[in-house]
Every structure is written in structure tokens, then in C-alpha cells.
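Input: a single structure, listed below in C-alpha cells.
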Amino acid sequence: MPFACPFRRYVRSPSRLAISIGLCFIPAVAGWLFTAPAIGSWYRTLNKPWFTPPDWVFGPVWTVLYLLMGICLYRIWMHENHKDLRLPVALFSIQLTLNALWSFLFFGLRAPILGLFGIILLWFTILATIVAIYPVDRKAAYDLIPYILWVTLAAALNFAVYVLNP
């Protein structure tokens, strides 16, 4: 008996969903390669603002955000007959790349100022991605709202770390 997807009622293509989610977790793994070594050393020594969440919050939040990004990508992919998906897919790909790049800039290079430039660029690219996806699939665009909100907090944290650690 073939595998029966328990979400088949909601998911037209479980393989596309799995691929979409998997693709979105690639930057997570890439970013973690730069983040993990710095967390226990360099990052612990930094002065951080009062609104910094506890360290244990970041992993679960990012996991949910990458999952939502994967669902968003899946929903876009399911609109393959839409007149033009090039811009939404291109912007989505760019924001994923910038997501991993921020980890390299901030944690890998240990350069909060470069991280700040990177995260500002990331924020605007996420916004552009939401705007480009909205006409194709509103729910897919809404999947990115928690992501841009979290990146807004991350940008504020990045800025504060830059200011508090001259």
C-alpha cells in the first residue's frame, strides 16, 4: 500500500511541499554554520539591548518562519500556470540568499555594521517579495508577514548591538 499523506485533503502535491520546505531550510543550515560557533563565544560578550529575547527563543521561531517560507513557496509553485511567476520567484530566491548572507555578515565576520546593511536589504527584499506574491496568492503573501515582523525585530537588535558595542 503506498504512503497515504494525512494532509492530502489540504496538500495537492506532498512532494512539492517537501521540496519547497527543504529548499527554505538550506539557508537555515548555511546560516547556522556561521552562527553556532559565534553564539558561545563572540556573541555572549556583546552588550545587548533590554528587548533581546532569550537565546532559546531564536531556534523555534526561525524553525516556524522557515516552515512558513516553505509553505509560501509551495503555494506559489502550485500556481505554475499563472501568467508570470518570474518576479515573485526571483525575489523569493534573493530574500532566501540574503537571509543566509546576514548570518555570515553578522556572526561569521563578526561585523554588526555589515549585518545591519545586510538585514536592511533583507527587510526591503522581503517586503518586495510580499508585494510581488500578493496578486498571485494572498495566503502565500500572508505566510511571510511573521517573517518580516521577526526580521524587523532582528534589525532593531542588530542596530542596538552596533550602537552598544563601538
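Quick rundown of the values:
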| quantity | calculated |
| --- | --- |
| All positions within segment 99-132 that are assigned to a helix (DSSP H, G or I), without any contact (Cβ under 8 Å) to a residue 40 or more places away in the chain and within 17 Å of Leu46 (Cα to Cα) | Leu105, Leu114 |
| Failed item, numbered, when His82 is tested on (1) touching a residue at least 40 places away in the same chain (Cβ under 8 Å); (2) under 16 Å from the mean Cα position of the chain (by Cα) | (2) |
| Condition met for Gly59 (among the small types (Gly, Ala, Ser) and either at pLDDT 95 or above or over 18 Å from Asn99 (Cβ atoms) (or both)) | no |
| Tally of residues being at pLDDT 90 or above, surrounded by 13 or more Cβ atoms within 10 Å (Cβ to Cβ) and hydrophobic (A, V, I, L, M, F, W, C) across segment 1-31 | 10 |
| Leu96 being assigned to a helix (DSSP H, G or I) and over 23 Å from Pro37 (Cβ atoms) | no |
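The values are calculated or read from the model by the stated rules, or taken from the named source; none is laboratory data. This one's a predicted model, so the numbers in the text were calculated from it and none came from an experiment. Cβ atoms come from the backbone with ideal geometry, glycine included; neighbour counts cover every protein chain shown.
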